[in-house]
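Below you'll find the structure, written out as structure tokens, and then a few comments.
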Amino acid sequence: MAEPLLSVRDLCVDYVTDRGPVRAVDRVSFDLERGEILGVAGESGCGKSTVAQALLRILPPPAVISGGQALFEGRDLLALDEDELRELRWQRISMVFQSAMDALNPVIPVGEQIRDTLRAHRRVSNRAARARAGELLELVGIPPDLTDAYAHQLSGGMRQRLGIAIALALEPSLVILDEPTTALDVIVEREILGHIRTLQRQLGFAVLFITHDLARMLQVSDRVAVFYAARLAELGPAAEVRRAPRHPYTQGLLRAFPAVHGGTVELASIPGAPPSLGDPPPGCRFHPRCELAVERCRREEPELRRLAPGHSAACHLAE
Ligand code: SF4
């Protein structure tokens, strides 16, 4: 079998505080195949964006990577030096941030911002850079005649698509999308996610798609990883997780979001709130909110275990 594009094993990230380290990502392991979309979901503060930042080694202090391995195209991202990382970032792995549309330079024309990205990493003539910028704008559905426009002259959706064009400029094999549509209305969000799916099929890059919207993620992704309180709760094919989620937390998340397709259903929120990562509960971290919890859940932490080919969950009662 071909090697995965990315293989993360036992990744740990700590926030160093005066009262000792707080573990924000705890022994997380997953693979990402070439050309696949892996959706990563969970509530705010569960560690999903921290994983992405750890992979690109752009964690803001006081966060530190405290363990694990992340093999990407055969090299451990966590062990590369700064020069090696600089070579790899954007060329092989790029990222669209939550607020990418607000990160554009307001006084530089949009086409020039794409050309700057190209020139920062490759030796290209002005003519080739201009042609490539036009191609990329067209690729993300922005009329190339807007190449000399400024960011404020574009709609929010167009600015976010421009962020995607810049992320694709150097043809990376992995694009990390961190809540790429959070600031957009649902119509524009749907349009952008459809566009990402089309581009991904056309260009063949893999995507790590981070979102708190499980329903939307299931619609877009091939496989999904659900995080809870710094740990992986469930990992499996999107269609299977949608049809038969194995972890009570995933089940709760699915009940809390309206289905994108299908009839009307009554929504129900998960009672309580995620635990403090500085003082997580013993046993299963979800037990204070889990209606299925039994005595064992309060004392023994469940490990992620395989329940079907490619489908795992960290729950004592998952069958
Ligand atoms: Fe609920 Fe127990 Fe499963 Fe945790 S291990 S999710 S508390 S049933």
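How high is the relative contact order of the chain, given as a whole-number percent (alpha carbon pairs under 8 Å, six or more residues apart)? Don't skip to the answer; put the middle values down first.
Values: 602 pairs, mean separation 63.1, N = 319.
This gives 20 percent for the chain.
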According to a simple spin-label model (label point 7 Å from Cα along Cα-to-Cβ), what is the distance in nm between S44 and E266?
2.9 nm
Place a +1 charge on the Cβ of each Lys and Arg in the range 118-271 and a -1 charge on the Cβ of each Asp and Glu, then give the dipole magnitude about the Cα centre in debye, rounded to the nearest 20.
460 debye
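Antiparallel versus total DSSP beta bridges in the chain: what percent is that, nearest 5? Mind showing how you got there, number by number?
Details: 30 of 49 bridges.
Around 60 percent of the beta bridges assigned by DSSP in the chain are antiparallel ones.
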In bins 20 Å wide, starting from 0, what share of all Cα pairs of the chain does each bin hold, as a percent?
31, 56, 13, 0
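Between E303 and R255, what FRET efficiency comes out of the Förster formula 1/(1 + (r/R0)^6) with R0 = 30 Å and r the beta carbon distance, rounded to 0.05? The partial results should precede the final answer.
Values: r = 25 Å, r/R0 = 0.84.
For R255 and E303, the calculated efficiency is 0.75.
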Run the quick spin-label model on A239 and E3: label points 7 Å from Cα toward the beta carbon, then report their separation in nm to one decimal.
3.0 nm
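Between E82 and Q153, what's the calculated FRET efficiency when r is the beta-carbon distance and R0 is 45 Å? Round to 0.05. Before the final figure, lay out each step's value.
Working: r = 37 Å, r/R0 = 0.82.
Taking R0 as 45 Å, the efficiency between E82 and Q153 is 0.75.
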Inter-site label distance for A128 and R19 at 7 Å from Cα along Cβ, in nm
5.6 nm
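Return the calculated 222 nm mean residue ellipticity for the chain, to the nearest 500 deg cm²/dmol, obtained by summing -39500 (n - 2.57) across DSSP H runs with n ≥ 4 and dividing by the residue count. If you can, show how the numbers build up before the last one.
Values: 10 runs with 100 residues, N = 319.
So the helix-based figure for the chain works out to -9000 deg cm²/dmol.
Which order, highest average first, do 248-255, 231-238, 130-137 follow once you tally other Cβ atoms within 10 Å for each residue and take the mean per peptide?
Numbers: 248-255: 21.4, 231-238: 23.8, 130-137: 19.1.
With the highest mean Cβ count within 10 Å placed first, the list reads 231-238, 248-255, 130-137.
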Compute the signed sum of charges (Lys and Arg +1, Asp and Glu -1) over the other residues within less than 14 Å, Cβ to Cβ, of A293.
+1
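Each value in this text was obtained by applying a stated rule to the coordinates, not by laboratory testing. Quantities reported herein were computed from a predicted structural model and do not represent experimental measurements. Positions of Cβ are generated from backbone atoms using ideal geometry, with glycine treated the same way; all protein chains shown enter the neighbour counts.
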